[in-house]
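Report on one structure; see the data block that follows.
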Amino acid sequence: MKRRIAIAFVPLVFALPTWAQTAPTAAQPTDPKATEQWEPVPKVVMPGKQDGAPPADAVVLFDGRGLDQWEASKDHSPARWKVHDGVVTVDKATGNIQTKRRFKNYQLHLEWQVPKDITGEGQARGNSGLFAASTGPADEGYEIQILDSWNNKTYVNGQAASVYKQTPPLANAMRPPGEWQTYDVIWTAPVFAADGTLKSPAYVTLFHNGVLVQNHTELAGETVYIGKPKYVAYADAPIKLQAHGDHSKPISFRNIWVRPLD
Ligand code: MG
C-alpha cells in the first residue's frame, strides 16, 4: 500500500516546477478565459452506427443498391457496372465510371475487394484506381492506386495506396485477396488562378485499413503513366473509379460515401 502511494505522488513532484515558472508576472496574461473560443459552435454531425458507416451529413455514393449517383466517364450515359449482393463489380468492357456530382475538397470512405482467386502479377493483378478528381474520360486526373499488393511486387510508386507514379505509401497495409479493404481519404483540391496558373497544389491524406499511408502528401500534378506530372487547371471535378485494361478478374466496391469540406 505504501509503495502505491509513493508512485502516485511522482508526477505531482515533477509538475511543481512547471507551475512555478508560470506564476503571474506583469508581462504575462493571467486570465484563462482570454484564450477560450466559444463561437462559432461546430455543427453537430451524427456519426455512423459503426466504423465505416456514413455519418449523417455524408453524400452516399454507393450503398449497395444501385449506381444512380454514377455515370460512364466516356459519354455520361448510365453507369453499367454490375451491382449484385450489395456490391458493385468493375465492368472492364464499359470503362471508367464517375460521380454525376462534382467535388472540391472532401473526406471520402470507400471499400474494395480483390477476388480471392485473383491471377496475374505486377500491375496486371486487381488493378483499378480511385481518381480523387477526374479531369477527363480516360485516366486523366489524380489517381490513388488500387491493386492487389499482397505478395505482389511492382514499382513502389504504383503499388496499392500510392499516389500513382508519384508517392509510394508509407506502409503496405494490404489484406489478402478475398478480404475487404478500406480507404479513408482527405482530399485537398489544387487551386488555380484565373489565368490557369497553380496557386496551391493538391494534397492527399490516406488511411488504408486504418493505417496512415499518405500523410498530407503534396501532388506534383496529375498522375500520368508516362512522363512527368503537371497541373492542368480545372474547377470542381467528379470522383472516378478505374476500369483497368488488364486481364485479371475485376475487383468490387461497396460502401462509398463522401463529405464535401468546402
Ligand atoms: Mg490503377
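Data overview
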read-out	value
log₁₀ of I(q)/I(0) at q = 0.12, 0.14, 0.20, 0.21 Å⁻¹ - segment 177-262, Debye sum with one point per alpha carbon	-0.50, -0.67, -1.22, -1.28
Rounded to whole Å, sorted largest first: equivalent-ellipsoid semi-axes of segment 116-198, Cα gyration tensor	28, 13, 12
Alpha-carbon radius of gyration plus Dmax, which is the widest Cα pair, for segment 89-129 in Å	13.5, 37
Test item: Cα-centred dipole of segment 60-260, Lys/Arg +1 and Asp/Glu -1 on Cβ, debye	80
Angle in degrees between helix 2-21 and the longest Cα principal axis of the chain, rounded to the nearest 10	90
Translational diffusion of segment 126-172, µm² s⁻¹ [Kirkwood Rh, Cα pairs; Stokes-Einstein; 10 °C; 1.306 mPa s]	148
Dipole magnitude (debye, nearest 20) for segment 127-193, charges at Cβ of Lys, Arg, Asp, Glu	180
Cross-link partners of LYS228 among lysines (Cα-Cα below 21 Å; sequence separation of 8 or more within a chain)	LYS165, LYS199
Counting all C-alpha pairs of the chain, share separated by more than 29 Å (%)	40
Value of D in µm² per second that Stokes-Einstein yields for segment 66-119, Kirkwood Rh from Cα pairs, at 4 °C (1.567 mPa s)	102
Normalised convex hull volume, segment 112-262, alpha-carbon set, Å³ per residue	106
Choice from ALA243, ALA26, ALA235 with maximal GNM fluctuation in the chain (Cα, 10 Å cutoff)	ALA26
Segment 69-171 - Debye-derived log10 I(q)/I(0), Cα point model, q = 0.18, 0.21 Å⁻¹	-0.99, -1.29
Highest average packing first - 27-33, 217-223, Cβ atoms within 10 Å	217-223, 27-33
Carbon + sulfur, % of accessible area of the chain - ligands and nucleic acids excluded, 1.4 Å	58
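The values are calculated or read from the model by the stated rules, or taken from the named source; none is laboratory data. The shown structure was predicted, so the numbers you read here are calculated from the model rather than taken from an experiment. We place every Cβ from the backbone using ideal geometry, glycine too, and count neighbours over all the protein chains shown. Ligands, DNA and RNA are stripped out before the accessible areas are found, and what is left, the full protein with its side chains, is counted by its heavy atoms. Shrake-Rupley method; radii C 1.70, N 1.55, O 1.52, S 1.80 Å.
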